[in-house]
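Each remark here refers to the structure printed beneath this line.
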């Protein structure tokens, strides 16, 4: 009983003094009210106990409601920090995945090249790569139709861009320069119906021609040996036999579609390219 009375008195005092107690009357009123409540409580008047319980519940509820905005603001701040941390970690993980994929492609090509060289026991020095350089350009026009895919860039002969140079986006081959003007040039994308790239297949010495079909997810592989069986999850590299592209550039990969059909897709997304690199040979 004394504890309950003390809690009630403390709650009433806190509620009245919360606004500052700028007048002496407030203190007098509080003292008088406290004496009256203690006296009535000593007499064990029933309605006083009920009233005290109701007032206690009211004060406690008000206290809970008053503290809710602060708790909510703290919760929002913590959740915001968690969100930004997740976004930051996600960005870092994406960059690490890109790096790991690049290293994996290089390792797979070295393995393929090693097996190829073991069978042929010789190296070809017919292709030379002089004046290796890279020019950064911006895509200013995207010319697309169901089967014809090309880009117009804002660099041309003025910037030493000539026909036959290779074009890369995000470290992957997306096409070749087929027309060079003084201030602009046209890029034939690897997805274009007229695109033909000499390639070799991972874990084999098989060479073929990677041909465009108008779709980045359904490229064609031509001139394969009759008995050769193409498998999924194989990287397709440039063979360098065209005299322009350096050997070992990852271009596409085989995969199984939802219909369980073996298809070939580009590693790059030519239609999403906005900033590209033009280079003679490997970027």
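Shape of the range 134-279 from its Cα gyration tensor (a ≥ b ≥ c, root eigenvalues): rounded if a/c is under 1.5, otherwise prolate when a/b > b/c, or oblate? Note, shape of the range 134-279 comes out prolate.
Across the range 134-279, the relative contact order, built from alpha-carbon pairs under 8 Å that are at least six residues apart, equals 25 percent. Applying 1/(1 + (r/R0)^6) with r as the Cβ-Cβ distance of residue 246 and residue 77 and R0 = 51 angstrom yields a FRET efficiency of 0.45.
Here each label is just a point 7 Å from Cα along the line to Cβ, and for residue 162 and residue 181 those points are 2.1 nm apart. Just to verify a number: FRET efficiency for residue 31 and residue 89, C-beta to C-beta distance, R0 = 45 Å, to 0.05? Efficiency at R0 = 45 Å is approximately 0.15.
Every number in this text was worked out from the coordinates using simple rules, so none of it is lab data. Keep in mind that what you see is a predicted model, and the values were worked out from it rather than measured. When we count neighbours, we look across all protein chains shown, and the Cβ atoms used for this are built from the backbone with ideal geometry, even at glycine.
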